[in-house]
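**Student:** Submitted below is the structure of interest, expressed as structure tokens.
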Amino acid sequence: MGPQPFSLPCSQIKTPLKKLEKNFNTMSYYVLLMLGTFFQMHLFVFPHLPPSWVLTINISFVFINACFLRAAFADPGHVRPTPNLDFVKLVEKCDPNSLCPNCETSYTRDSRHCYICNRCVSKFDHHCQWINNCVGKNNHRVFYAYILSLLIYFVLLEVMCFLNFGNAL
């Protein structure tokens, strides 16, 4: 059997051709990093800032985490099988390229089977390890709102730290 090769899922360093499974490790890292930096900012930076800046950061932090939770726990648009239809009859009548043998469903051109979640997702974009969920038809917009608001949050923090640098000395 030998030693197991090194694997670190959150940095995409993994053994080739090893099936990934759904887990909450990367999601937990994100939550710890966000909460840790937020509390450190409250302890060391926010006491030196005007209250309007602190209020802006707090509101953006709540918005980011609301988008994160919605993207992480929302149904991404799973393709549901037709309950009264036999898959063998479906294979006979439909194009085999539009059928998923794992889920025994028929799906559209922009749908795909996620092998991490083991379900078909409508308008599948990707499986994001940070939210531990697929990005699909139902959570695509909120996922992009989350990414964009996270970018704005970090730029705002950088600007505040830069503006506050002279005051801290």
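**Student:** Which of the residues spanning segment 137-165 are among the acidic types (Asp, Glu) and either crowded, with 18+ Cβ neighbours inside 10 Å or touching a helix residue (DSSP H, G or I) at 6+ places or on another chain (Cβ under 8 Å) (or both)? Break it down stepwise before answering.
**Tutor:** Residues of segment 137-165 that are among the acidic types (Asp, Glu), as a first pass: 158.
Scanning segment 137-165 gives no hits.
**Student:** Taking segment 18-44, which residues are under 16 Å from Leu150 (Cα atoms) and of a type in the set (A, V, I, L, M)? Before you say what the answer is, go through the steps one by one.
**Tutor:** We begin by selecting, within segment 18-44, every residue under 16 Å from Leu150 (Cα atoms); these are 27, 29-38, 41.
Across segment 18-44, the qualifying residues are Met27, Val31, Leu32, Leu33, Met34, Leu35, Met41.
**Student:** Ile64 passes all but one of (1) at pLDDT 85 or above; (2) exposed (fewer than 12 other Cβ atoms within 10 Å of the Cβ); (3) under 25 Å from His42 (Cβ atoms); which number fails?
**Tutor:** (2)
**Student:** Mind telling me which of the residues Pro47, Pro83 ends up being part of a loop (DSSP other than H, G, I, E, B), over 29 Å from Tyr144 (Cα atoms) and modelled with pLDDT under 90?
**Tutor:** On the way: Pro47 fails: part of a loop (DSSP other than H, G, I, E, B).
Matching residue, one of Pro47, Pro83: Pro83.
**Student:** When you go through (1) among the aliphatic types (A, V, I, L, M); (2) modelled with pLDDT of 85 or more; (3) within 20 Å of Cys134 (Cα to Cα) one by one for Leu20, which number turns out not to apply?
**Tutor:** (2)
The values are calculated or read from the model by the stated rules, or taken from the named source; none is laboratory data. Model, not experiment: these values are computed from the prediction. Backbone-built Cβ (ideal geometry, glycine too); neighbour counts: all protein chains shown.
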